[in-house]
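Take a look at the structure below.
The values are calculated or read from the model by the stated rules, or taken from the named source; none is laboratory data. Because the structure is a prediction, the values reported are computed rather than measured. Cβ placement follows ideal geometry from the backbone for every residue including glycine, while neighbour counts extend to all protein chains displayed. Just so you know, the surface numbers come from the protein's heavy atoms only, side chains and all, with ligands and any DNA or RNA stripped out. Shrake-Rupley method; radii C 1.70, N 1.55, O 1.52, S 1.80 Å.
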Amino acid sequence: MPQNTLNAARIARKDEFYTQMRDIEKELKYYKPYFKDKVVLCNCDDPFESNFFQYFALNFNSLGLKKLIATCYNGSPIAGNQLPLLFALDEEGPKKIAHRVVINEVEDYNGDGAVNLADVRYLLQNDKNTLQKLEGNGSFDSPECIELLKEADIVVTNPPFSLFREYLALLEKYGKQFLIIGNTNAITYKETFRMFQQNKIRTGYTNFNVGMFFQVPDDWERFHHIDEKGNKIARVSTSCWFTNLPVSKHNEELILYKHYDAIEYPHYVNCDAINVPTFSEIPADYEGNMGVPITFVDKFNPEQFEIISCCEPAIEIDEYKKCSYFREIKSRQILHNGNPCQKTYHRLIIRNKKPIKNDENNATRN
């Protein structure tokens with residue numbers, strides 16, 4: 001997709017969400033060893049407003065960063081009373097001018113490894129740090145920003161959800177480590193799903209699918225609340241962290257306690273797999289394919305399971321009349337050969353690499 005098209009899509013869909021500091025701190029505390037001597041790029045972040053930039057600026061010395069780079073694109077909707085050179089006037093009023101801030105040094109006057117700063121102006125008083133206008137529009141796929149991407153070791157940001165495919169493809173193309181926020185439904189995108197299959201991406205430490213709160217532009221009509229600073233805050237329930245950095249929970253094996261029963265785990269009509277309602281109900285002794293909710297990826301250990309495919313929501317479950325569990329759910333039934341069946345949400349088709357054998361199964365029950 002051309003650069004101008006990407007930028008237009010970003011603005012039109014109004015998915016410029018600014019992440020809360022507490023959510024950043026909650027997740028990034030687990031990755032401290034991976035930032036030492038690294039160049040960090042926040043390429044979807046206005047340095048004057050982004051909490052990602054503020055986090056890395058404040059923790060520049062304690063993390064041992066080599067360099068911090070942040071870029072802002074033309075027309076960013078979050079605007080305050082920053083430096084005048086960053087703004088241009090049009091018919092709608094002031095608009096941000098694309099710029100970048102490069103931090104090479106953060107002075108630590110009291111030696112505690114951190115800096116207390118009110119805003120970016122403090123950092124720019126250091127001659128080793130720079131603020132520059134960009135020649136282009138500052139879109140993450142622009143030539144200038146791609147050159148910055150090549151220089152970076154780790155990319156940490158909250159890219160526009162509507163451009164997640166394009167953004168992730170760029171990170172993969174240039175082989176970058178990343179820690180980014182995205183929509184949980186991005187798991188079903190063929191590009192993202194392939195990376196999960198190949199263990200090139202995983203969910204972060206924050207509980208999956210619990211939602212996050214983001215600052216949104218002042219002209220947003222649908223928002224959750226207004227914070228103590230007067231900012232509009234919106235809740236995005238389908239949001240989570242994605243990364244290719246190591247995450248220890250994905251090395252832990254699920255403890256499986258249930259056993260396969262043909263009535264309890266009916267076969268899909270149009271897919272060679274049984275239906276498993278939740279990851280906690282995965283039968284320990286089943287060797288075939290199983291359909292599980294996409295939330296399973298938050299528990300996925302590639303040593304224990306294999307992800308085979310991702311199925312559309314219209315998977316039909318057979319054996320309806322034999323299963324009382326499905327009789328209780330009426331709202332999403334469909335017909336198969338004249339008989340009612342249960343329609344599911346997206347399902348990941350997985351296989352257990354370490355199923356309990358019959359002799360182990362019997363020993364467990366005894």
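Of the residues in segment 238-253, not one is of a type outside the set (S, T, N, Q), at pLDDT below 75 and outside any helix (DSSP H, G or I).
Residue-by-condition table, conditions (1) out of contact with any helix residue (DSSP H, G or I) (no Cβ under 7 Å at 6 or more places or on another chain); (2) touching a residue at least 40 places away in the same chain (Cβ under 8 Å):
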position	(1), (2)
Val120	yes, yes
Asn126	yes, no
Leu163	no, yes
Gly175	yes, no
Ala186	no, yes
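Could you please let me know if Ala169 is closer than 22 Å to Cys310 by Cβ and more than 11 Å from the chain's Cα centre (by Cα)? Taking the combined requirement at face value, the residue satisfies it.
Each row is one residue, and each column tells you yes or no for (1) surrounded by fewer than 21 Cβ atoms within 10 Å (Cβ to Cβ); (2) not small (Gly, Ala, Ser).
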site: Lys150; (1), (2): yes, yes
site: Val155; (1), (2): no, yes
site: Asn158; (1), (2): no, yes
site: Ser162; (1), (2): yes, no
site: Lys176; (1), (2): yes, yes
site: Ile187; (1), (2): no, yes
site: Phe193; (1), (2): yes, yes
site: Thr203; (1), (2): no, yes
site: Thr206; (1), (2): yes, yes
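Selection within segment 30-54: residues that are farther than 17 Å from Gln177 by Cβ and outside any loop (DSSP other than H, G, I, E, B). The member of this set that is least open to solvent (accessible area, probe 1.4 Å) is Phe53.
Residues of segment 265-312 being acidic (Asp, Glu), under 25 Å from the mean Cα position of the chain (by Cα) and open to solvent by less than 40 Å² (accessible area, probe 1.4 Å), which ones?
Initially, segment 265-312 is screened for residues acidic (Asp, Glu), giving 272, 281, 285, 287, 298, 303, 306, 312.
Pick out the ones that are also under 25 Å from the mean Cα position of the chain (by Cα) and you get 298, 303, 306, 312.
Residue satisfying the conditions is Asp298 alone.
For segment 174-195, how many residues meet the condition of being in a helix (DSSP H, G or I) and either among the aliphatic types (A, V, I, L, M) or touching a strand residue (DSSP E or B) at 6+ places or on another chain (Cβ under 6 Å) (or both)? Break it down stepwise before answering.
Let us first name the residues in segment 174-195 that are in a helix (DSSP H, G or I), namely 184-188, 190-195.
Restricting the remaining residues to those that are either among the aliphatic types (A, V, I, L, M) or touching a strand residue (DSSP E or B) at 6+ places or on another chain (Cβ under 6 Å) (or both) gives 184, 186-188, 193, 195.
Matching residues across segment 174-195 total 6.
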